[in-house]
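The values are calculated or read from the model by the stated rules, or taken from the named source; none is laboratory data. If you're wondering where the values come from, they're calculated on a predicted model, not measured in any experiment. Ideal geometry is used to build each Cβ from the backbone, glycine not excepted, and the neighbour counts take in all protein chains shown.
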Amino acid sequence: MVNLQVREIAVIGSGTMGHGIAEVAAISGFSVHLNDLTLDILQRALNNIRWSLDNLHRKGQLKEEPSEVMSRISVTTSLEDAVKNADFIIEAVFEDFNVKSSIFRRISEYAPPHAILASNTSSIPISELASVTNRPDKVIGMHFFNPPVLMKLIEVVRGDRTSDETVNVTVELGRRLGKEPVVVNKDVPGFISNRVFMRLIEAACLMVTGNEATIEAIDSAARFKLGLPMGVFELIDFVGIDVVNSILKAMVNRGFRFSGCGLIDERVKEGKLGLKTGEGFYKYPEVGKYSRV
Ligand code: NAI
């Protein structure tokens, strides 16, 4: 039985994931309050959403005019204004425990008592975020995949104290967003998909550093033999090499055993972070034109 009717959604952080999550929620008919640190960042997010909606519209995949969807999204730099009327809040800021926990503490002060607080974290245990709030039973992981508008999977992650009602509302919301929610009952760092992904990265890195295979050969094998939609290194470039690095660090700090990947460390040091900077494992001469698969 689901008692809470979600009508208004707040999305905190409007970067790669946050703007995509806001777009998905607005397409599904929800009022969305999008929050970030500056109006410039929020304007960039709105431009990205508009660009994506126009593409969907051109392909006949949007039931409404893009402007109607846009009219359901409001932006603000005030965290309090973003969450004060929200039924469901999805946090998508940097993968950094201190940043996220400070936001969770503040959201729990400002949000209505019934509101559910979800994190899009890739690796930080939900129970750790829940512990800084005044409502650990209403804190949950809602892990979207990149780009949210295209990817069907959502990992719904139960923390130690998350209530069944919170899990049910989140699963139902995931379905209303047109996604396939999978409940992760054990709050382990990396949840399901990133634990599997990191093992692929580990194996691929070891093969390259041991001169057993090239980056291109491994990616061809991943695409054409394993049937993955992208190669391992292509996917790291797409996600952001810095993002993958932070996820790995957060997992390793919480006991995940990983043999290291010098290829990632080198590129982070050089600022070659993948598609967003124009170079990572591959080169992307026209930065910006590849922002979506
Ligand atoms: P990003 O770096 O593109 O965006 C983060 C946004 O948060 C930035 O716009 C930043 O200005 C904003 N921000 C930082 N501090 C803030 C604050 N105090 N208040 C409001 N906004 C603030 O990061 P990305 O890639 O969108 O990642 C966000 C979260 O989603 C992370 O937890 C990450 O692990 C997770 N994630 C990322 C995926 C990816 O493919 N990039 C996939 C799935 C999850």
What are the residues in the range 103-116 that are within 11 Å of the ligand (Cβ to nearest atom) and aliphatic (A, V, I, L, M), if any? ILE103, ILE107
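Of the residues PRO136, PRO148, only one is more than 10 Å from the ligand (Cβ to nearest atom) and either under 30 Å from PHE238 (Cβ atoms) or surrounded by fewer than 24 Cβ atoms within 10 Å (Cβ to Cβ) (or both); which?
Details: PRO148 fails: more than 10 Å from the ligand (Cβ to nearest atom).
None of the others qualify; the one that does is PRO136.
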Looking only at residues in the range 4-32 that are within 8 Å of the ligand (Cβ to nearest atom) and not in a helix (DSSP H, G or I), which one is surrounded by the fewest Cβ atoms within 10 Å (Cβ to Cβ)? GLY15
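Does GLU212 fit the bill of being modelled with pLDDT of 95 or more and in a helix (DSSP H, G or I)? Explain how you work it out, then say what you get.
On the way: modelled with pLDDT of 95 or more: yes; in a helix (DSSP H, G or I): no.
When the stated conditions are applied, GLU212 does not pass them.
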All but one of (1) out of contact with any His (no Cβ under 9 Å at 6 or more places or on another chain); (2) away from the ligand (no atom under 11 Å from the Cβ) hold for ALA86, so report the exception by its number. (1)
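Report yes if VAL69 is at negative phi, modelled with pLDDT of 95 or more and in contact with a strand residue (DSSP E or B) (Cβ under 8 Å, 6 or more places away or on another chain), otherwise no. Quick ask: steps written out before the conclusion?
Numbers: at negative phi: yes; modelled with pLDDT of 95 or more: yes; in contact with a strand residue (DSSP E or B) (Cβ under 8 Å, 6 or more places away or on another chain): no.
Spelling it out, it is not the case that VAL69 is at negative phi, modelled with pLDDT of 95 or more and in contact with a strand residue (DSSP E or B) (Cβ under 8 Å, 6 or more places away or on another chain).
In the set ARG175, ARG161, which member is surrounded by fewer than 24 Cβ atoms within 10 Å (Cβ to Cβ) and outside any loop (DSSP other than H, G, I, E, B)?
Working: ARG161 fails: outside any loop (DSSP other than H, G, I, E, B).
Checking each option against the conditions leaves just ARG175.
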Is it the case that some residue within the range 117-131 is surrounded by fewer than 24 Cβ atoms within 10 Å (Cβ to Cβ), over 29 Å from VAL252 (Cβ atoms) and more than 14 Å from the ligand (Cβ to nearest atom)? no
